[in-house]
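S.K.: This structure is in structure tokens; I'll ask about it shortly.
The values are calculated or read from the model by the stated rules, or taken from the named source; none is laboratory data. Since the model is a prediction, treat every value here as computed from it, not as a measurement. Virtual Cβ from ideal backbone geometry, glycine too; neighbours counted across all protein chains shown.
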Amino acid sequence: MATTLISGGTVVSATGRSAADVLVDGEKIVAVLQPGSELLGTDVAASVDRVVDATGKYVIPGGIDAHTHMQLPFGGTEASDTFESGTIAAAHGGTTSIIDFAVQTYGQRIEDGLAAWHEKAGGNCAIDYGFHQIVGDVNEASIEAMKKLPDEGVSSFKLFMAYPGVFYSDDAQILKAMQVSRDTGMLTMMHAENGPAIDVLAQQLVDQGKTDPYYHGIARAWEMEEEATHRAIMLAKLTGAPLYVVHVSAKQAVEQLAWARDKGQNVYGETCPQYLYLSLEDQLGARSDEWGAFEGAKWVCSTPLRSRAEGHQDSMWQALRTNDLQMVSTDHCPFCMKDQKELGLGDFRKIPNGIGSIEHRMDLMYQGVVTGEITLERWVELTSTTPARMFGLYGTKGVIQPGADADIVVYDPNGHTSIGLDKVHHMNMDYSAWEGYEIDGKVDTVMSRGRVVVEDDAYVGAKGDGRYLKRGLSQYLI
Ligand code: URP
Ligand code: ZN
Ligand code: ZN
Ligand code: ZN
């Protein structure tokens, strides 16, 4: 395979930045040439197959989106991005690895659920991919199967305190699964919302004729997230399981995480761009000529978008600075308005839950650097380095150093990205949840294991370039 020199850029890591050239041989980074290095300069440039000019640009480890749902059967339909379309969109946005959720449905064997996900993804991904395991039916057989997941490179599983009758686990099931987490070192990922109570509130709202998408956010009150987060923390404390709470949106849930972390518990959390930028008032409560009050369906996801008046968004940014939240994933779970979100016309409970953002995570988080919410280094840490460490990929992914995979993004701080359906948008959706967002930065060149896959706004990779990532145990735990 070819050699490439990425020259003249500023290499940014989670801990600092420096002018350096990056030498790639085949799939790997072989040298980071700092000023003063004998190799730095024209000699190397003359001998490589290709030079990527990164002058005036940042050179960062490729983004890792640790929470995606390609082709997820959910809400009476299926998430609209395939592994192919979703990973191409990811590559456009500077993300070079995803960790998707293989699903065990109720009554299904875990082995069969995982095999089905390999079937869907294998040979179809533009970038590297790994799996977490959703355990939708904790029973004796599942417990035995879970113990074998680390051998398959699946070192984390997700449980749901929400969605009774679908993925829901009760406290007894959670306790048993967490004991496996303690014994194996696998990370327990938790969807922390009190599902049974939410379902009662939702039914009462519908009975009162409150059926618009806005009421999705009312039914899924922050108290339901705070309570479930606390319960998950206490069950994790009791069992000794490491806990990672997904898609945190309520400031009170962050307070619970901070409280447990201050006591030394192995408890972590992620948030998503939608909880940093979007709100109950502006999005779930939106109206349009085309859809009326159903416009808000575009942003129905769980946990829900929260009230800006209550200050949740600012709390999420702050928690990213204080490390009470450690990383940002998208929870990419796209549905089209036509035929999919539309299923919930007249009843918000039937709107398939999910937002598509995989293409925009790196840009949206970079905008946080521009506005001064986070530092440049924290941007890299939140989007690449910590995801790699949290989910057992660090060293191969999440860092620019000799021996690491050459997953590299050249990012132009002087470029500009206009997001929208007829602008930057490669996801298989008939709308953009980020229509009109303007980013003061731009993905320039994207390299996945030494191959340039995006340049000049075009995808130039090949189907099936992405490889399955057998992950180790978390490298983040104390
Ligand atoms: O609304 C969401 N988050 N859809 C995806 C499934 C989940 O709970 O993560
Ligand atoms: Zn969830
Ligand atoms: Zn999710
Ligand atoms: Zn601008």
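S.K.: Would you pick out the residues in the stretch 104-133 that are aliphatic (A, V, I, L, M), more than 14 Å from Gly466 (Cα to Cα) and crowded, with 24+ Cβ neighbours inside 10 Å?
M.R.: Correct list: Ile110 only.
S.K.: Within the stretch 41-76, take every residue that is polar (S, T, N, Q) and at pLDDT below 95 and give me the one that is nearest to ligand 4 (Cβ to nearest atom).
M.R.: Result: Thr42.
S.K.: Whether any residue in the stretch 437-445 is polar (S, T, N, Q) and touching a helix residue (DSSP H, G or I) at 6+ places or on another chain (Cβ under 6 Å) is what I want to check.
M.R.: no
S.K.: Can you pull out the residues in the stretch 288-305 that are more than 18 Å from Ala79 (Cβ to Cβ) and among the polar types (S, T, N, Q)?
M.R.: Ser288 - this is the single residue of the stretch 288-305 that is more than 18 Å from Ala79 (Cβ to Cβ) and among the polar types (S, T, N, Q).
S.K.: Has the stretch 419-434 got at least one residue that is in a strand (DSSP E or B) and surrounded by fewer than 22 Cβ atoms within 10 Å (Cβ to Cβ)?
M.R.: For the stretch 419-434, residues in a strand (DSSP E or B) and surrounded by fewer than 22 Cβ atoms within 10 Å (Cβ to Cβ): present.
S.K.: Identify all residues within the stretch 49-93 that are over 21 Å from Gly441 (Cα atoms) and in contact with a Ser or Thr (Cβ under 7 Å, 6 or more places away or on another chain); write none if there are none.
M.R.: Hits for the stretch 49-93 are Asp49, Arg50, Val51, Ala66, His67, Thr68, Met70, Gln71, Gly86.
S.K.: Among the residues of the stretch 233-286, count how many are over 21 Å from the mean Cα position of the chain (by Cα) and not in a helix (DSSP H, G or I).
M.R.: 7
S.K.: Right, Ala141: surrounded by 21 or more Cβ atoms within 10 Å (Cβ to Cβ) and either closer than 25 Å to Ile29 by Cβ or among the small types (Gly, Ala, Ser) (or both) or not?
M.R.: No.
S.K.: While we're here: Does the stretch 148-187 hold any residues that are within 11 Å of Ile110 (Cα to Cα) and either modelled with pLDDT under 95 or charged (D, E, K, R) (or both), and which are they?
M.R.: Correct list: Lys148 only.
S.K.: Return the residue satisfying two criteria in turn: it lies in the stretch 80-89 and is part of a loop (DSSP other than H, G, I, E, B) and surrounded by fewer than 24 Cβ atoms within 10 Å (Cβ to Cβ), and of such residues it is nearest to ligand 1 (Cβ to nearest atom).
M.R.: Checking each candidate, the answer is Ser80.
S.K.: Under the condition of being among the acidic types (Asp, Glu) and part of a loop (DSSP other than H, G, I, E, B), which residue from the stretch 2-59 is surrounded by the fewest Cβ atoms within 10 Å (Cβ to Cβ)?
M.R.: Ranking the qualifying residues of the stretch 2-59, first place goes to Glu38.
S.K.: May I ask you to say which residue of Val452, Val446 is in contact (Cβ under 8 Å) with a residue 40 or more places away in the chain, hydrophobic (A, V, I, L, M, F, W, C), surrounded by 15 or more Cβ atoms within 10 Å (Cβ to Cβ) and touching a Lys or Arg at 6+ places or on another chain (Cβ under 9 Å)?
M.R.: Residue meeting the stated conditions: Val452.
S.K.: Only residues that are more than 14 Å from ligand 1 (Cβ to nearest atom), outside any loop (DSSP other than H, G, I, E, B) and charged (D, E, K, R): list them for the stretch 314-360, please.
M.R.: The answer is Asp314, Arg321, Glu342.
S.K.: Residues in the stretch 213-221: is at least one out of contact with any Leu (no Cβ under 8 Å at 6 or more places or on another chain) and not in a loop (DSSP other than H, G, I, E, B)?
M.R.: no
S.K.: Can you tell me which residue is farthest from ligand 3 (Cβ to nearest atom) among those in the stretch 232-249 that are among the β-branched types (Val, Ile, Thr) and free of Cβ contacts under 8 Å to residues at least 60 places away in the same chain?
M.R.: My answer is Ile233.
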